[in-house]
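One structure is given here, and the rest of the page talks about it.
The values are calculated or read from the model by the stated rules, or taken from the named source; none is laboratory data. All figures in this text were calculated on a predicted structure; none of them were measured in a lab. Don't worry about glycine lacking a Cβ; one is built from the backbone with ideal geometry, like all the others, and counts go over all protein chains shown. The accessibility values were calculated without ligands, DNA or RNA, using every heavy atom of the protein model including side chains. Shrake-Rupley method; radii C 1.70, N 1.55, O 1.52, S 1.80 Å.
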Amino acid sequence: MKNNAFIESQKQFDWAAKQLNLDKKLRTSLRYPQNFIQKRLIIRGDDGRIKTFTAFRSQYNNALGPFKGGLRFHPEETADTVRALSAWMTWKCSLTGLPLGGGKGGVVCNPKKLSEKELEKISKAYAKKFAKHFGPWTDIPAPDVYTNSQTMAWMLEAYEQSVGISAPGTFTGKPVELGGHEGRTEATGLGVVITTREAMKHVGMNPKKSTAIIQGFGNVGQYAAKHFEKLGLKIIGYSDSSGAIFNKNGIKFEDALKFKIKNKSLRKFPKAEAMSNEQLLEQNCDIFIPAALENVITEKNADKIKAKIIAEGANGPTTVKADEILYNNSIFVIPDLLCNAGGVVGSYFEWVQNNSGENWTLKKYNDELDKVLTNAFQTVVKTYETEKHINMRQAAYLVAVKRVADAMKLRGRV
Ligand code: NAD
């Protein structure tokens with residue numbers, strides 16, 4: 001049976017709460033979302049029939065600022081994956097020092113089986129149904145798995161129609177024309193590379209002599225690949241939901257991207273060995289980047305990973321038991337909270353500009369991203385080294401949970 005992501009997220013929190021000696025009341029309130037909203041979306045499909053979809057929004061905690069977090073369109077979305085992801089967003093915003101809380105949402109649907117028009121209807125129905133819960137000072141969604149800037153454009157339109165005001169800061173990851181920033185699309189992938197660059201310095205690895213394997217070839221995986229190549233790494237394997245490709249001599253990012261765009265999948269990519277996602281995970285490489293879904297590194301396969309660094313582009317790719325195995329095998333894990341935080345930091349920059357009327361250059365956007373993430377990396381490493389015998393995820397949790405707990409106490413919520 002698949003691990004329950006929410007239970008995994010609670011186990012991670014429980015560990016930090018115990019270490020930080022949080023009292024029982026505070027622990028209980030930080031173990032669950034503040035609000036969990038579930039609704040049914042009803043649209044008319046292209047065939048004229050009515051279609052219904054379950055939709056969620058988990059508002060985990062807003063002690064540090066408005067709820068913030070992405071929206072997924074995925075057939076296997078559940079209330080508990082959304083709850084877990086909203087908890088991780090809370091810790092992520094806290095870890096990077098943003099004045100934002102955590103949230104997450106999702107619609108149970110299969111975008112691959114829906115037309116553009118149907119996706120537009122679902123997006124607009126979602127924004128309309130949840131409009132009273134959203135706003136630039138209340139809850140700010142963004143794109144995530146199988147949603148993108150177009151989804152945000154549709155949602156912004158339906159939201160503004162519902163509430164009768166113009167409020168672009170309600171959604172981030174928007175198209176540039178609607179108040180988005182050109183840096184946002186690449187921000188998560190670039191952030192993965194910034195934090196991995198710092199990790200390589202920390203463990204003493206030379207990027208120009210290192211290899212990487214990327215699991216998942218969507219927004220995060222693709223831009224991570226692009227920036228890893230710029231840093232000098234050789235990418236020797238990729239995968240997507242159709243399977244994996246591997247070539248120890250390297251597969252150029254541009255070639256993989258062109259093939260994926262043309263064929264919609266990486267399967268049958270020439271000049272590479274085809275294999276399963278499981279096999280790819282076991283190949284020799286220096287850095288392994290899970291950039292697809294949660295719970296892919298488990299107690300069953302963690303021992304087979306040969307990489308020296310795991311850079312968690314995806315949210316929640318590693319189970320608690322797998323973490324122990326990786327730690328015992330001296331694999332340096334850059335936890336998701338830190339590794340993929342570039343997305344929410346970039347979203348925060350977009351929100352700041354929407355609310356202040358500023359317009360940053362791409363250089364300023366990327367320089368600020370680098371500063372925030374490098375700083376967060378150094379903070380986590382400091383705790384990791386001071387505490388001893390804890391892993392990087394535990395160090396990140398100690399920093400992140402403490403900030404939220406302090407804010408809860410200052411507000412007198414407990
Ligand atoms: P995406 O939809 O753009 O891409 C997902 C990719 O994963 C696709 O290539 C898909 O084919 C692949 N995939 C799906 N199932 C797979 C499997 N079983 N094995 C291998 N590949 C598989 O999504 P994304 O935005 O790139 O998000 C990927 C991960 O990163 C998610 O965990 C998401 O929560 C996390 N994340 C995304 C952002 C962001 O800004 N997009 C920010 C932070 C975290």
Q: Calculate the length of the line joining the C-alpha centroid of segment 382-399 to that of segment 159-192, in whole Å.
A: 33 Å
Q. So what's the gap between the Cα centers of segment 123-145 and segment 345-379, to the nearest angstrom?
A. 22 Å
Q) What stretch of the chain, leaving out the sites themselves, is the longest with no trypsin sites (Lys or Arg not before Pro) in a DSSP loop having at most 15 other Cβ atoms within 10 Å? A) 50-247
**Q.** For the chain, fraction of C-alpha pairs farther apart than 32 Å, in %
**A.** 32 percent
Q. Within a Cβ distance under 12 Å of ALA224, other residues only, what is the Lys/Arg minus Asp/Glu net charge?
A. 0
Q.
Which GluC sites (Glu not before Pro) in segment 149-231 sit in a loop by DSSP (not H, G, I, E or B) and have at most 13 other Cβ atoms within 10 Å of their own Cβ?
A. GLU182
(Q) I need the GluC sites (Glu not before Pro) found in segment 318-414, filtered to DSSP loop residues with at most 12 other beta carbons within 10 Å of theirs. (A) GLU358
Q: Have a look at segment 178-298 and give its Rg and Dmax from the Cα atoms, expressed in angstrom.
A: 14.0, 44
**Q.** Residue order for SER330, SER276 - accessible surface, 1.4 angstrom probe, largest first
**A.** SER330, SER276
Q) Just how many % of Cα pairs in segment 37-180 lie over 18 Å apart, if you round to the nearest whole percent? A) 52 percent
